[in-house]
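Peer 1: I have a structure I would like to understand better, so I am pasting it below and will then ask my questions one at a time.
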Amino acid sequence: FIRLWFTDILGFLKSFAITVEELEGALEEGMGFDGSSIQGFARIDESDMIAKPDPA
């Protein structure tokens with residue numbers, strides 16, 4: 001598994017794991033996640049978000 005890390009609006013680290021097979025798609029298109037599960041990101045009716053990894 002590969003763990004993708006990002007910070008929430010308050011600066012706390014959050015992460016989720018993807019498989020090696022999902023990595024290429026994540027780098028090209030991003031990975032969807034539920035933004036309403038993270039405080040300050042999105043309301044329940046606007047919760048579909050995409051995390052786009054930066055390989056730099």
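The values are calculated or read from the model by the stated rules, or taken from the named source; none is laboratory data. Here the structure is a predicted model, which is why all the values come from computation and not from measurement. Here the Cβ is made from the backbone with ideal geometry for all residues, glycine too, and neighbour counts use every protein chain on show.
Peer 1: Pairs under 8 Å by beta carbon, first residue at positive phi in region 15-42, partner of a type outside the set (Asp, Glu), six or more apart or different chains?
Peer 2: GLY30/ILE50; GLY30/ALA51; GLY30/LYS52; GLY30/PRO53; GLY40/ILE9; GLY40/LEU10
Peer 1: Where in the chain are there strands (runs of 3 or more DSSP E), lying fully within it, with 1 or more residues that are at pLDDT 90 or above? Break it down into steps so the answer makes sense when it comes.
Peer 2: Details: elements: 2-7, 13-18, 31-34, 48-51.
Per the criteria, 2-7, 13-18, 31-34.
Peer 1: Another one. Scanning region 10-33 for residues that are loosely packed, with under 10 Cβ neighbours inside 10 Å and among the hydrophobic types (A, V, I, L, M, F, W, C), which turns out nearest to the chain's Cα centre (by Cα)?
Peer 2: ALA17
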